[in-house]
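Engineer: Dropping a structure here in structure tokens format, bear with me for questions.
Where a number appears in this text, it was derived from the coordinates with a stated rule and is not lab data. It should be emphasised that the depicted structure is a prediction, and the values quoted were computed from it without experimental measurement. FYI the Cβ positions are ideal-geometry reconstructions off the backbone, even for glycines, and counts take in every protein chain you see.
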Amino acid sequence: MTGKPPGGALGDERLRAGARAALRTLEATVTAVEPIPRGNRKRTAIARFERRGPAVVQVCAEVRWLRTEATLLSLIRDRTGVPVPPVLAAGEHDGVAYLLTAYVAGDDLHEQFTAADPEVRTLLARSFGSYLAQLHDVFPFDGYGRLESPGEFSPPGDVLSPACEDWEEWFREYGLGAVDRLPQEFDPLRSDLRELFEQPAIDGSPQARLYPWDFRPGNALVADDRVTAVLDWEAPLAAPATLSVAKAEYLVADWYVSEPAPLRAAFRTGYERVRPYPDVPTAHRVAAIADSAVDSARRVTNPRYPERDREGAVAFHRNSLEAALAGTHDADW
């Protein structure tokens, strides 16, 4: 690689060195590196070259996160029709992980989703349902929790291993953790929410499937009314399909529109084209909503676009949790 090295937007010198190592794998002259402000754990930028198309470079000081994401991206592309960017290179340099993927053109769906024609929104929601069902169909696991790619960076086809064998232990920790991260405005609900996870799980040891932690329009690109890429596959989990169905339905439908029933129906229709839609227990829906209400930095997440302020966001999540506790989440069906 020749040309200008990545600038300070990619973080400290170790991260910049990791980015340079990634870009050297392409043996092409870099002309510009443009930062993309997304994600809390990793730094991302678009690299442009003299004689080849652009690429997306990501660097992270936590090697296991990008190693797992690189493995998962390759497996998804190999086994499903879910649109994800091709992996060009993945590795480690001086304790920094890097991931280089092809650049995929498209607009940020988070900004486009609400403004889209209702028929287009329906088609997009249906696509998300189909994508999730494909992931559930081809990625079963024998355990639960955080998935990791063992060993060093390895070629596509490697396995992903879950962290926990006991369903009740993992789900209790997951549910209580999500509830306890909620800020003080949720205190009136907290005891009822915690009670759902302090009692024994009622579903034995359900089959675990891939649970993409941040599967939502905000992590997708769209062009010509179709999804061109689903991005940000970091920190995937293994959990029953009901958990990821509940969370994705919340983030695709409830998140964006005041009358979510049509989008929920479209999401479910897309899912059912691949496999049967599961019945979601109250505890699973509550866990999914609570986990969506705060981000990895413990900030309250902002639904809608344009996004609500913090007060409006708290009210949105609190009302959703109240509806889930009361069993009225689907009352508008």
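Engineer: Place +1 on the Cβ of every Lys and Arg and -1 on the Cβ of every Asp and Glu in the chain, take the dipole about the Cα centre, and give the residue among SER296, TRP170, ALA22 whose Cα lies farthest towards its positive end.
Structural biologist: Towards the positive end, the residue furthest out is ALA22.
Engineer: Percent relative contact order of segment 203-333, based on C-alpha pairs within less than 8 angstrom and at least six residues apart? The partial results should precede the final answer.
Structural biologist: Numbers: 142 pairs, mean separation 26.2, N = 131.
Relative CO of segment 203-333 lands at 20 percent.
Engineer: With N set to the residue count of segment 95-174, report its C-alpha Rg divided by 2.2 N^0.38 Å to two decimal places.
Structural biologist: Details: Rg = 17.9 Å, N = 80, 2.2 N^0.38 = 11.6 Å.
Here the answer is 1.54, to two decimals.
Engineer: Among LEU72, TYR103, ALA89, whose Cα lies farthest out toward the positive end of the dipole of segment 70-126, if unit charges sit on the beta carbon of Lys, Arg (+1) and Asp, Glu (-1)?
Structural biologist: LEU72
Engineer: Out of residues 5 or more away from GLU92 or on other chains, whose amide H comes under 5 Å of its own, with H placed 1.01 Å from N in the peptide plane?
Structural biologist: So GLU92 has HN proximity to TYR98.
Engineer: Over all directions, average the projected area of the Cα convex hull of the chain and note it in nm².
Structural biologist: Working: hull surface 66.7 nm².
Averaged projected hull area, Cα only: 16.7 nm².
Engineer: Oh, and also: Suppose a student asked you for the relative contact order of the chain, using Cα pairs under 8 Å spaced at least 6 residues apart; what percent would you report? Let's see the in-between values first.
Structural biologist: Details: 634 pairs, mean separation 56.2, N = 333.
Result for the chain is 17 percent.
Engineer: Only helical DSSP H runs with n ≥ 4 go in: add -39500 (n - 2.57) per run for the chain, normalise by residue count and round the 222 nm mean residue ellipticity to 500 deg cm²/dmol. Spell out each step's value before the answer.
Structural biologist: Details: 10 runs with 130 residues, N = 333.
My calculation for the chain gives -12500 deg cm²/dmol from helical runs alone.
Engineer: May I pose another question? Using the Kirkwood formula on the Cα atoms of segment 241-333, what hydrodynamic radius do you get, in angstrom to one decimal?
Structural biologist: Numbers: mean 1/r = 0.0737 Å⁻¹.
By the Kirkwood definition, the hydrodynamic radius is 13.6 Å.
Engineer: Also, quick follow-up: Do any GluC sites (Glu not before Pro) in segment 85-162 lie in a loop, going by DSSP, with at most 10 other beta-carbon atoms within 10 Å of their beta carbon, and if so which?
Structural biologist: Details: sites: GLU92, GLU111, GLU119, GLU148, GLU152; in loops: GLU152.
Loop-located and lightly packed - GLU152.
Engineer: Would you compute the Debye intensity of segment 166-271 from its alpha-carbon atoms alone, equal scatterers and no solvent, and pass along log10 I(q)/I(0) at q = 0.11, 0.17 Å⁻¹ to two decimals?
Structural biologist: Calculated log10 I(q)/I(0) at the listed q: -0.45, -1.01.
Engineer: If you don't mind, there's one more thing I want to ask. Give me the dipole magnitude in Debye, nearest 20, for the chain about the Cα centre, with unit charges on the beta carbon: positive for Lys and Arg, negative for Asp and Glu. Could the numbers behind the result be given before it?
Structural biologist: Working: 38 positive and 50 negative charges, 223 e Å.
So the dipole magnitude of the chain works out to roughly 1080 debye.
Engineer: Would you work out the relative contact order for segment 128-270, in percent, from Cα pairs under 8 angstrom that are 6 or more residues apart?
Structural biologist: Values: 186 pairs, mean separation 40.5, N = 143.
Across segment 128-270, relative contact order equals 28 percent.
Engineer: Loop-only check: which trypsin sites (Lys or Arg not before Pro) in segment 161-220 are DSSP coil with at most 16 other Cβ within 10 angstrom?
Structural biologist: Values: sites: ARG172, ARG181, ARG190, ARG194, ARG209; in loops: ARG181.
Sites meeting the loop and neighbour criteria: ARG181.
Engineer: Hand me the trypsin sites (Lys or Arg not before Pro) from segment 34-68 located in a DSSP loop with no more than 13 other Cβ atoms within 10 Å, in residue order please. Mind dumping the intermediate values first?
Structural biologist: Numbers: sites: ARG38, ARG41, LYS42, ARG43, ARG48, ARG51, ARG52, ARG64, ARG67; in loops: ARG38, ARG41, LYS42, ARG51, ARG52.
Those that pass, being in a loop and sparsely packed, are ARG51, ARG52.
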